[in-house]
Amino acid sequence: MVPTAPSLPPSLPPPPKQIEIKKPDGALSEINPQGKVPVLIDHQLNEFQIFESDTILRHLVGKYEGTGPSYLPSSLAARTKSDLICRFHDMYITTIQGCMYKASPPFGIFDNREDALIELKKQMKLLEGMVEEGEGPFLCGKEKSMADATLFCTGIFLEQILPNHFGWTYQEVFGPKLTKWWENLLATEPAFQKVSLSPFLPPSIPPSPFVRK
């Protein structure tokens, strides 16, 4: 099960009733030629069909501009940094994070779970290097960005799956700067906190020991 996107806090107006989260009618390949999720059909935009997580996120940010936080920082440097983190995440982390929850390989370019997990930890460390100490509380400074929303979903997997299945704490994989970012989100942002409290551990992967490296 994939974690849902953060909902709007109670102080903000609810999303329009036209938003539905459900399996699309017909084959996924009719919307995404790769036959994969997520996909989005915007019924208010002449049944406009969208796929790829980053594209969907940018569509929603534009569609609901002016409703709640924009997720677009005010400075060019912060916006560019957000784009860089999102791109890095999608290229080097999303492609292998299935090693945490898929029943069997391949996990990106890896044919075994152990090597993929080690690479996942390495890439998270590299991503942490993009975060400046004391710049926060968010990944790109004092304003929430698409980078926060993007990495948050992977963070849910890391926090809930690693300790239960592989004997790693999320702090080991996040590193100190991302851990501080994560714990601040859960302490101060009700929408993110709500999602984090919804357990989703996949039953298909039994708990198993993992050799640390």
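For segment 30-108, applying the loop criterion from DSSP together with a ceiling of 11 other beta carbons within 10 Å to the GluC sites (Glu not before Pro) yields 47, 65. Highest average first, the peptides 155-167, 181-193 ordered by how many other beta carbon atoms sit within 10 Å of their residues are 155-167, 181-193.
In terms of packing, defined here as the mean over residues of other Cβ atoms within 10 angstrom, the peptides 100-109, 142-151 line up highest first as 142-151, 100-109. Counted residue by residue at 0.36 nm each, then reduced by the alpha carbon distance between them, the extension gain from residue 76 to residue 118 reaches 11.7 nm. Scattering from the C-alpha atoms of segment 78-196 alone, worked out with Debye: what is log10 I(q)/I(0) at q = 0.21 1/Å? The computed values of log10 I(q)/I(0) come out as -1.22.
No lab work stands behind these numbers, since they all come straight from the coordinates. Keep in mind the model is a prediction, meaning the values are calculated, not measured. Every residue, glycine as well, gets a Cβ built from its backbone with ideal geometry; the counts of neighbours run over all protein chains shown.
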